[in-house]
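The values are calculated or read from the model by the stated rules, or taken from the named source; none is laboratory data. None of these values were measured; they are calculated from a predicted model. As a convention, Cβ positions derive from the backbone with ideal geometry for all residues, glycine included, and neighbour counts pool all protein chains shown. Note: areas computed on protein heavy atoms with side chains; ligands, DNA, RNA excluded. Shrake-Rupley method; radii C 1.70, N 1.55, O 1.52, S 1.80 Å.
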Amino acid sequence: MQEERREAPIGIFDSGVGGISVLYRIHKELPGEALLYYGDTAHAPYGTRTREEVLGYCNAIVAHFQEDAVKAIVIACNTASAVAAADMRARLRIPVIAMEPALKPASEMRQTGKVLVLATPMTLKLPKFQALYAKYGEGAVPVPCPGLMDLVESQDTRGEHRYLEEIFTLYPPDTLDAVVLGCTHYVFLRPLLHAMLPDSVHVLDGNEGTARQLRRVLAQKDLLSQREEGSIRLETSGDASTVIPQMRRLLSQLAAQSP
Ligand code: DGL
């Protein structure tokens, strides 16, 4: 029975393609696992909706994952984590791994400059982030970024550049110690950010930490797969003929950036 559980898939989801950056890290960390990724493109963006709406979408995705008898769920979305993680943990018997903006490690790197926390309006206003900010927020500036995930979804590089330029006009790069990518979509902005920021500004995301946390939890519960080679299955609530190829392209892009 336990042997069978170990080989069950892991469900990973986001409102769209942002969580592909988390999926990539997880696949690197746990190459033997069967990974099932669900991008809820039909309901994106989550970050400008109501809490109730997002909770409803998350519940529907959990029900979908249960059809595949997943052994764990990773919420590869800061917004959905802030809305639904506590609720999911309370009612599910499988491990639920959630995300939060990497403010704690950023606060440790801070010297005299500011730490910008880029995230969706919802992530920044919910209690999960408020508690994190109360603890590690000295010198940190939360910057709500409505519309930025949409630019990443539509691969509008010029729009992304303009959006970030506006932010860095308000907060000049030479006044910054770190930029926290508090939305999994923004991880795809790394190359652009590196071109716009001096090397002294740290750019942080929570992806590696999330992948390591998943490994720890699976190991604790004796749920690590014994397979040598795992698999990746991609699904979307949007138009699969365009979204799935886009997901594959993004995976290859990440592999080329950090093989
Ligand atoms: N990728 C998501 C996050 O990490 C959310 C984007 C959205 O749907 O607004 O917050």
*Can you list the GluC sites (Glu not before Pro) in the range 197-259 that are in a DSSP coil and have 14 or fewer other beta carbons within 10 angstrom?*
GLU228, GLU229
*Percent of C-alpha pairs per 5 Å bin, the range 107-171, short to long*: 4, 15, 23, 22, 17, 13, 6, 0
*In the chain, with Lys and Arg counted as +1 and Asp and Glu as -1 at Cβ, which of these residues, LEU181, GLY206, GLN155, has the Cα nearest the positive end of the dipole, that is, farthest along it?*
GLY206
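How much FRET efficiency would the formula 1/(1 + (r/R0)^6) give for GLU52 and SER241, where r is the Cβ-Cβ distance and R0 is 35 Å, rounded to 0.05?
Working: r = 31 Å, r/R0 = 0.88.
Here the calculated transfer efficiency is 0.70.
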*0 to 90° range, to nearest 10: angle between helix 157-170 axis and the chain longest Cα axis*: 50
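Per residue, how much accessible surface does the chain expose to a 1.4 Å probe? Answer in Å², no decimals. The partial results should precede the final answer.
Details: 11750 Å² over 259 residues.
On a per-residue basis, 45 Å².
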*Find the Cα radius of gyration of the chain, compare it with 2.2 N^0.38 Å by division, and give the number to two decimals.*
0.97
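Taking Cα pairs under 8 Å and at least six residues apart, what relative contact order does the chain come out at, in percent?
Values: 449 pairs, mean separation 77.8, N = 259.
That works out to 30 percent.
Which semi-axes, in whole Å and largest first, does the equivalent ellipsoid of the range 87-209 have when worked out from the alpha carbon gyration tensor as the square roots of 5 times its eigenvalues? Mind dumping the intermediate values first?
Working: eigenvalues 118, 69, 32 Å².
They are 24, 19, 13 Å, listed largest first.
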*Between VAL74, LEU224, ALA119, whose Cα lies farthest towards the positive end of the dipole of the chain when Lys and Arg beta carbons carry +1 and Asp and Glu beta carbons carry -1, centred on the Cα centre?*
LEU224
*asked:* Counting only helical runs of four or more DSSP H residues, what would the 222 nm mean residue ellipticity of the chain come to if each run contributes -39,500 (n - 2.57) and the total is spread over all its residues?
replied: -14500 deg cm²/dmol
*asked:* Using the Cα centre of the chain as origin and beta-carbon charges of +1 (Lys, Arg) and -1 (Asp, Glu), tell me which of TYR46, ALA63, LEU170 is placed farthest towards the positive end of the dipole.
replied: ALA63
*Within the chain, how many lysine pairs that are 8 or more places apart, or on different chains, have C-alpha atoms less than 24 Å apart?*
12
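Using a 1.4 Å probe over the heavy atoms of the protein chains, calculate the carbon and sulfur portion of the accessible area of the chain as a whole percent.
Values: 5910 of 11750 Å².
The computed percentage sits at 50.
Using +1 on the beta carbon of Lys and Arg, -1 on that of Asp and Glu, and nothing else charged, what's the dipole of the chain about the Cα centre, debye to 20? All intermediate terms of the calculation are to be shown ahead of the outcome.
Values: 27 positive and 31 negative charges, 120 e Å.
With Lys and Arg at +1 and Asp and Glu at -1, about 580 debye.
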